[in-house]
1. Rounded, prolate or oblate: which fits chain A, taking a ≥ b ≥ c as square roots of the Cα gyration tensor eigenvalues, rounded meaning a/c under 1.5, else prolate when a/b beats b/c?
2. To test your reading of the geometry: what angle, between 0 and 90 degrees and rounded to tens, separates the Cα axis of helix A:386-417 from the longest principal axis of chain A?
3. Expressed as a whole number of Å, what is the distance separating the alpha-carbon centroids of the range A:201-216 and the range B:58-89?
4. Other chains near B:130-139: what is the mean number of their Cβ atoms within 10 Å of each residue's Cβ?
5. If each DSSP helix of 4+ residues adds -39,500 (n - 2.57) and the sum is divided by the residues in the protein assembly as shown, what number results at 222 nm, nearest 500 deg cm²/dmol?
6. Can you give the average number of partner chain beta-carbon atoms within 10 Å of each beta-carbon in peptide B:148-160, as a whole number?
7. Going by alpha carbons, how many degrees (0 to 90, nearest 10) lie between the helix axis of A:372-381 and the longest principal axis of chain A?
8. For peptide B:88-100, compute the average count of partner chain beta-carbon atoms within 10 Å of each residue's beta-carbon.
């Protein structure tokens, strides 16, 4: 039998294959890591995998949600364990192959240096990866898993068990009338909100940058500082300020400004359409300075020669704008503009802090201005419909990722063409 | 012809200054109104005017009066602590990871980059229930350190992308000649790459610092007692307990947090712009 096969077979128990290849230190290391892994995680794996499959069998001994969480941690640990195990098998096989071909195996010192140089990127990015798994990936996996359970107010620990129900929640979103109509209402407003609010802030930002950047405008520094103010003040503060300004009964917009023009008070917070208008205007106010700042940077980096050459060729102001300024801005800023859209799609703060996604809509769990994320928040925190919230999270993620990937691809080709 | 051009220029400038004046008013008004409200006597906003007739410092005093439900000083320190540690943690983890992605070709690199791109798009707080359960399992409800870890994790994907893009634009010849001179990877990172990435470090630092200040969801899920609150939750509760009742006090609190932050932002904006435009064009 060839060395590679024997080594591979032996390392079904980690380390034995390495012993066979006469790499004792490495073999001991694998053996130790393997033993430590089982000693440390054996119980967790056993318990976790049982938990994630059954979600508990007895009340009140088993808490389905904790079991699910442990189960997911067990799966993550298992994936890492399998990774190490694979490395062990592969190492034994490759070194066995070297022996079959009668080549020298690397010495202990070479192995050490090899690990140091190849392992460097893993070592320096390892801690970040750990935090990322803990703080982002585990929560996302957990909430994706919840979407396939019946976890809600009536199926919640410790009094009740939670069960796997497959795609039932997803199909209910589209078959239960009140859920379907709420879902599509919220989705429609989310899309309108994203498009209108983002376009408003982007175009306002670019417009103001161009206006301030004209050669013959004076007090540039003053105007720049003023225009950047909305970006510099913390967002949650300004949203709460606006909530006061727009207040139907005591807000200054109704009482001072509109009254001065003789316009009747407008129900900003209690009529859905006026709320939506207020939200869009506010987001324009909040969001344009960022675009303004970046556009200003781009404008200042456009060489003057371009404009001079165009002037000599007899180009009008408008032609210069259309053929020099605009393309330069759009190419440099495409990624930043796209992030504005994804940001607004998930812009929870402005919706929730302004009037809690209100006004309330009778018979619906979502208010008149709720976007998908704020609706999900309400389903979780207020009506305890956890599995519905989780299923919506999946739909939302799929939606955003699909659009963003499509956009990134388009802008990339746009860049290469330019 | 000449007078035509003059006329055109006149209208262009008229329109420009008109627009600028309008925007200035629209921006300044709400801010001044808040300043006015904070000096207005009483709790009601009905009588609020930008220049109060009997200005008072009562609301500022009330913030620090040490009421059970209004521990402004404590919230301020909590927010400061969380923001600073999130900023430091973000800078360290992001710059190391970005260095690995930018300078090394290792197994799993491509997959990890795609993963980071996807993770940027799923809002972290949509996994709220999980974070809540996590905090309970770990027995870390009300823990600022758990929150800081969660914030750092949330900052990693996007900022790593920004940072990697910026590092990619630093010529690799610099690394190579240093390597020939016998410098180790870590030394190249600390003495060459980091100093040259300063504009983007400013961006990452700012994102790390302001991220926690803009968050309402994660912090309100994990922090449940008034003495552990951060400013966003504290001030939100202040406004919403009885709508309008504590609005003037809120205004005072809002001003004390906004002014220092606005000053830092305005001072750092140059760095910020150069970092973003350089990183932005690289995608």
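Here, each number is a calculation from the coordinates, and none is a lab measurement. Fair warning: this is a prediction, and the values are worked out from it, not measured in the lab. Using ideal geometry, Cβ is built from the backbone for each residue, glycine included, and neighbour counts are taken over all protein chains shown.
1. Judged from the Cα gyration tensor, chain A comes out oblate (a/c at least 1.5, b/c at or above a/b).
2. 80 degrees
3. That distance is 37 Å.
4. For this peptide, the per-residue mean of nearby foreign Cβ atoms is 5.
5. -24000 deg cm²/dmol
6. Averaged over the peptide's residues, the number is 4.
7. Long axis of A:372-381 versus the principal axis of chain A: about 60 degrees.
8. The mean count of partner-chain Cβ atoms within 10 Å per residue comes to 4.
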